[in-house]
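A short worksheet on the structure shown next.
The values are calculated or read from the model by the stated rules, or taken from the named source; none is laboratory data. Keep in mind that what you see is a predicted model, and the values were worked out from it rather than measured. Cβ coordinates were reconstructed from backbone atoms using ideal geometry, including for glycine residues, and neighbour counts include every protein chain displayed.
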Amino acid sequence: MPPRTDQLSVFPAFFRVEGRVTAVFGNGDEAFAKTRLLMNTQAKIVAYTTAPQADYHSFLIANRIETVRAAFSSDQVKGAALVFAATGDAEADRAIVDAARVERIPANAVDQPDYCDFYTPALVNRAPVAVAIGTEGAGPVLAQMIRAQIDQMLSPSLGKLAELATRYRKPVERLVPRGVARRVFWRRFFSGPVADAVSAGHLPQAEHAADSLLHSAHKVEGHVWLVGAGPGAEDLLTLRAQRVMMEADVIVYDALVPQAIVDMGRRDAERLSVGKRKGCHSKSQEEINDLLVQLGRDGKRVVRLKSGDPLVYGRAGEEMAAMRAAGVTYEVVPGITSAFAAAADFELPLTLRGVASSLVFTTGHDLTGDVLPDWASLAISGATIAVYMGRTVAASVAGRLMEAGLPPETTVAVIENASRRDRRLMHGTLKDLPDLEHRDELSGPVMVIIGEAVAGANFEQSEPLVRQETAAQEFARS
């Protein structure tokens, strides 16, 4: 059975090295680099070097690092917690690692993966917080690029904030109930007034804010977030959505939300599927409303996860009304709606100077009634129309729009599973749209975009909406 591509060949871990010997062998840049990395820790560094280069020598003296000027012998590795072989001589480095392995000491030989029991990471140091980046040999340049990005993301004061948190851990364990209340306390500690005061360098103010938070944390009110999961790609989820999903006790999700996004929530959060799909209604909207209200009243922190954006065909209005009536607090976290993702996949301008200055969102079912919607007249003036859930009524949509006066040659873009790896793009004209109803293989959500601006899309990765008949099919029909 072939190995899974999402599995690591190494196990990330942090070694305890405080006060323990870490031995570095070598004279030049590689030994210097390993020693500098170890200076981020409280390890007892011992440099074994016969003739250190000038800058390395100066560094060892300036930092009062114990230096042993002697040729290598196997006794030198005994008692070490870690061994770094960085002499620049491959054979000598292998001998050092062999000696360490005899003593069952983890060792690392520079640029020799087979002689590395562990890899040294690119490190972001906010002691006591550390972020280590490893690439399993893909290259130090990649690791350093990632390190630079993370370094910019993390506040320089994060270490001081984490240090303050360690002082409050025991009082929190004593005063704040385990579970939701304690989790919410720490969320607020690391992202509210306490963190702000630490960042500003006002430690007494930070302690006062932490004390206030501690004495008000015994009871946590329920809260609901109406979260847009986006069109399906995990990396289109917003940062705010990711944050609240990690805070949730319960995740209530629709059928169209991919499991990969549901799994991005907190690992021990309860997950409740309330998926509503055509012909498979597991819960009515009223039942979902009641569920959200009850969870909120029970003090739960709830993420109501909806495909796309909650406020675009997501029935959020009914859920918000129910929670307002029940006195349950809530917040809307916007998401990327499918029309935008579909347009991005097609490189399609939804508005285009001199061609389309307005955009209409609708469902295919809006065009099946006896009365043509008022907005249909906009189509004649060049508006772009984004049709959600339109596959099964494509013929009716096309017929009604042509009846309203939209030319049959108007360009149409159709996409299944917008933004996802398994997306499928098709193009044609308004008169071709009825063929969509016969595409039974389209089992995912389908978006149809209609209008003059659609002609500016990139159709290189798209297939014709109307499939060409084979010669055999043409002969059978004749």
Inset, instruction - Return the total of residues in the stretch 438-453 being surrounded by 17 or more Cβ atoms within 10 Å (Cβ to Cβ) and acidic (D, E). - result: 1
Legend entry - Lone unmet requirement of (1) closer than 23 Å to Q144 by Cα; (2) surrounded by fewer than 18 Cβ atoms within 10 Å (Cβ to Cβ) for E66: (1)
Legend entry - Hits in the stretch 200-226 - residues which are β-branched (V, I, T) and not in a loop (DSSP other than H, G, I, E, B): V224
Legend entry - Near pairs, Cβ below 7 angstrom, 6+ apart or cross-chain, from the stretch 57-77 (in the same structural domain as A47 (by TED's automatic domain parsing)) to any residue that is assigned to a loop (DSSP other than H, G, I, E, B): L60/P52; N63/M39; T67/T49; R69/T49; R69/T50; A71/T50; V77/E103; V77/I105
Legend entry - Filter pass, V454 being under 28 Å from the mean Cα position of the chain (by Cα) and not assigned by TED's automatic domain parsing to the domain that holds S307: no
Inset, instruction - Quick one: which residue in F59, F32, F72 is farther than 28 Å from E136 by Cβ, assigned to a helix (DSSP H, G or I) and of a type in the set (F, W, Y)? - result: F59
Legend entry - Unique residue being in a helix (DSSP H, G or I), under 23 Å from the mean Cα position of the chain (by Cα) and of a type outside the set (S, T, N, Q) when the list is A165, A130, A148: A148
Inset, instruction - Return the residue satisfying two criteria in turn: it lies in the stretch 22-45 and is crowded, with 19+ Cβ neighbours inside 10 Å and aliphatic (A, V, I, L, M), and of such residues it is nearest to the chain's Cα centre (by Cα). - result: L38
Inset, instruction - Being within 19 Å of G232 (Cα to Cα) and surrounded by fewer than 19 Cβ atoms within 10 Å (Cβ to Cβ) is the filter here, so list the residues in the stretch 398-422 that pass it. - result: R421, D422
Inset, instruction - Inspect all residues belonging to the stretch 98-119 and state whether any of them is in a helix (DSSP H, G or I) and not assigned by TED's automatic domain parsing to the domain that holds A70. - result: no
